[in-house]
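What follows draws every value from the coordinates through simple rules; no lab data is involved. Predicted model only: the values in this text are computed from it and were never measured. Cβ: placed from backbone, ideal geometry, glycine included. Neighbour counts: every protein chain shown.
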Amino acid sequence: MFTLPKIPIGSWVNSIVEWARIELKPVFDIITVVIEFLVSGFRDTLMLIHPIILIIIMMALVWWIANRKVAIGTALGLLLAYDLQLWEPSITTFALVLSSTILALIVGLPLGIWTARSELAHKLIMPLLDFMQTMPPFVYLIPAVFFFGIGNVPGLIATVVFAMPPAIRLTGLGIRQVPEELVEAADAFGSTPSQKLFKVQLPMALPTIMAGINQVIMLSLSMVVIAAMIGAGGLGAVVLRGIQRLDIAMGFEGGLAIVIVAIILDRITQSLTEKRKAKA
């Protein structure tokens, strides 16, 4: 029976990863320090505040950003997490999601702007995003562990890679959807490319960009349980322990706390988008 010779794609990827692990170790060490500092900074700062005081602060902040109903729901949800004795893992999860969202936006927004301004970049990056979004998320854990070991750092790296594509796609889409008349008017008034970007295109594209940020947050939360498999802490670790022990109560309570965090973050970003649309 005739068989085609196997293309050694796996071996090629393994060779690249081995080379990167050795040659780029100083870079990975710097990334590890930065991420640990970011996550620990958020978590430790929030843990310094008494839970009840932090809940009141969060309620007031959400009331200012969104509305009274969302603020009351936020307070009740956080009180429930506190009552379930899941406050510390909830704060850890919040720190991980916030850190991964910030890193995803730091990389994703400039790439999204680049794809909007360069047709070549758009053609090169879009297939890569298709690949990133269709690849099973478990696959990201392998190189993350290989490069960064076990813990929050590889979990966050895998989360950033998994959650970043919507930020790139929707940033580029939002800028491309800005009416051509506005861009031409900016050109007619002698705007520089940076003035046109920051004063016309980005403000007009902000609702679409905010939708991308919302998706980044939701995808980050969806990776919480998966990242717990490689040592990431937070509520994902609680759910994972529940699975390992077949403890339905633990798993359900951990999952419920994740839902609470997800709803709070989702309502905040939606409210910011609606306020922006109302002003426009």
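Assorted remarks:
- Percent RCO, i.e. relative contact order, over the chain, from Cα pairs under 8 Å lying at least 6 residues apart: 22 percent
- Close Lys-Lys pairs in the chain, where close means Cα under 19 Å and separation is 8 or more or interchain: 4
- The string of couplings for the range 228-240 from the Karplus curve (6.51, -1.76, 1.60, θ = phi - 60°) is 5, 5, 10, x, 5, x, x, 5, x, 5, 5, 5, 4 Hz, one whole number per residue in order, with x for Gly and Pro.
- Once C-alpha pairs closer than 8 Å and six or more residues apart are averaged by separation and normalised to the residue number of the range 142-222, the relative contact order reads 43 percent.
- nm² value of the averaged projected area, convex hull over the Cα atoms of the chain: 20.2 nm²
- With R₀ fixed at 41 Å, the C-beta to C-beta distance from residue 139 to residue 184 puts the FRET efficiency at about 0.35.
- Label-zone membership for the range 219-251, site residue 85, 7 angstrom Cα→C-beta point, backbone N under 19 Å: 234-251
- ³J(HN,Hα), Karplus 6.51/-1.76/1.60, whole Hz, each residue of the range 181-191, x for Gly, Pro: 4, 5, 5, 5, 5, 4, 5, 5, 7, x, 5
- Net charge, residue 234 excluded, C-beta distance under 10 Å - Lys, Arg +1, Asp, Glu -1: 0
- For the chain, modelled as a GNM whose springs connect Cα atoms under 10 angstrom apart, the maximal fluctuation among 128, 54, 78 occurs at 128.
- Loop GluC sites (Glu not before Pro), the range 1-94 (other Cβ atoms within 10 Å of the site Cβ: 11 or fewer; DSSP): none
- Spatially, the range 151-181 and the range 100-131 are offset by 7 Å when compared through their Cα centroids.
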